[in-house]
Amino acid sequence: MATKQEAVNALLTLADEVLARLTAGGATEAKVVARSGQDLSVRVRLGEVELVEEAGTRSISVRAAKGKRIATASTSDLTSDGITRLVNDALELCDLAQEDPFAGLPDASALATGWDDLDLFDPACDGVDAAQAVERCKRAERAAMDYDKRITNSEGASFGRVSGSFAMVTSGGFRGGYAGSYASLSVSPVADDEGGKKRTSGYWTARRHLSKLDSDESVGREAARRTLRMLGAKKVATGSYPVVFERDVARSLLGHFAGCVVGDSIYRRSSYLIDRIGTRVASSLVTIVDDPLIPGGPGSRPFDGDGLASRRNVVVRDGMLELYLLDTYSARKLDSKSTASAAGMTGTGAGTSNFVLQAGATPADSIVKQTKRGLYVTQMMGFGFNAVTGDFSRGASGYWIEDGELAFPVSEVTISLNFDKLLQSIDLLGDDLDFKSSIASPTFRVAEMTVAGT
């Protein structure tokens, strides 16, 4: 079996061949991306296997230009005939495309020429077969069901792993590739509540390296604990209260903000952060970075989709907005410079890598202790965020805080506040940052939000 580096080298050779055919056919510029990978998804419910899916993929995507006329095409047919069709389609589509004055590859002087190993691939992930994945799910779900007799049902346990190799070459002189992996395990038990209601919660673990996952049993037990804590949930009186966001929920809020600082949102004028560089957008406690160079990070990458060397970008420093995340295309549209944030390898578009709200100095449990009365949010529902205005309103559940303690579970409430004010009202920032996903945040408290209940 080929090593991952051998797989990357094979993809580079294939991409070189396709690039040569594009330029020979009349492309003035071109970028070729070749990928290969495999993934496994398993779901178990009440000890019975509900899903086993395993797949391998290989594909080539190209972005070709004739002058300022750009076209993209892709195929998973890597036969000689399939590649010929891919090249011909891309070149023909260029002839049909309208000119885009901002299109084109970056200047060759800006391209990455070397990079460090970011520890993105773990061969042990590929070693988990379907039978082993099923057993991991069963162990996790069993641990949840055995935790307490009030756990009476389950929405299931899921295990997934993915790994792959990637290569990119451009007519501008870039040539590089790397391999990566990722694995996850989740459990969602169900408990019976008064009045025939069902309460469910869950827990999950994920990492690039298999050995760094939480144990199967601990995932199940934590999922059960979180579910049981929701028994007896009720509404609270409508009012304005401090709101504490657990880190997994805080991560969701940070994702809203991420979508508002990428170049596409700015030049399309679909963000409430337009013309806000150098102004306050969050509390002075808040520093947000986009860092693709974190070893083993879920969103780490040695170079971006334009072939520029990855770099750490401070987006918000001490509450002040310092920059937008730009790829080459959006930088030209905005008369600015790329932040090496190109996400789409064959298309255009800026995106995040490891988008992180830096941890504070306050222990997460101390945030609750320092809250006299308020709401501790562990789940949010719905999609109530308007990126243009910053208006934010979502359903929520969690626990009511009374005298610094979690008094009782809460459900069926709505929390709302304009997002600009929400971030500027963060007054406590936790120390519990965890890199399960490429968007990460610690627990934090917002000084006051509207909570709509009874």
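The table below gives the values:
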| quantity | calculated |
| --- | --- |
| Value of [θ]222 nm, deg cm²/dmol, for the chain, DSSP H segments ≥ 4, -39500 (n - 2.57) each, nearest 500 | -7500 deg cm²/dmol |
| Contour minus Cα-Cα distance for ASP434 and LYS372 (0.36 nm per residue) | 19.7 nm |
| Computed FRET value (nearest 0.05) for GLN98 with ASP318, which takes r as the C-beta separation and R₀ as 60 Å | 0.85 |
| Förster radius 41 Å - calculated FRET efficiency between GLN5 and VAL49, Cβ distance, rounded to 0.05 | 0.70 |
| Centre separation in Å (Cα based) which lies between region 238-273 and region 125-174 | 28 Å |
| In Å, descending, principal axis extents of the Cα set of region 233-454 | 52, 34, 28 |
| Radius of gyration and Dmax over the Cα atoms of region 146-189, both given in Å | 20.5, 64 |
| Gained length - ASP16 relative to THR113, 0.36 nm times residue gap less alpha-carbon distance | 33.2 nm |
| Restraint check, LYS149/LYS197; LYS197/LYS372; LYS372/LYS421, Cα-Cα greater than 23 Å | LYS197/LYS372 |
| Pairwise label distance in nanometres, ARG175 with ARG269, each label 7 Å out on the Cα-Cβ vector | 4.5 nm |
| Fewest-first sequence of MET230, MET449 by Cβ atoms within 10 Å of each Cβ | MET230, MET449 |
| Rh by Kirkwood over Cα pairs, then Stokes-Einstein D for region 4-226 at 0.692 mPa s and 37 °C, µm²/s | 162 µm²/s |
| Cβ-based charge dipole, the chain, positive-most Cα from SER341, SER393, LEU11 | SER393 |
| Ascending count of other beta-carbon atoms within 10 Å, so fewest first, for THR75, THR443, THR113 | THR113, THR75, THR443 |
| Extension gain from GLU405 to SER252, taking 0.36 nm per residue of separation minus the Cα-Cα distance | 52.6 nm |
| Calculated FRET efficiency for the pair LYS149/LYS197, C-beta based, R₀ 22 Å, to 0.05 | 0.80 |
| Backbone N within region 157-190 under 19 Å of label point (7 Å from ALA130 Cα along the Cβ vector) | 157-163, 184 |
| Rotationally averaged projected area of the chain (alpha carbon convex hull; nm²) | 22.9 nm² |
| Reach of LYS436 by Cα under 17 Å, taken over lysines that are not fewer than 8 positions away in the same chain | LYS212 |
| Filter on LYS4/LYS138; LYS198/LYS369; LYS31/LYS68 - keep pairs with C-alpha separation over 19 Å | LYS4/LYS138; LYS198/LYS369 |
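Readers should treat all values here as calculations from the given coordinates under stated rules, not as data from a laboratory. Values in this document were obtained by computation on a predicted structure and should not be read as measured data. Heads up, the Cβs are rebuilt from the backbone with ideal geometry, glycines too, and the neighbour counts pull from every protein chain shown.
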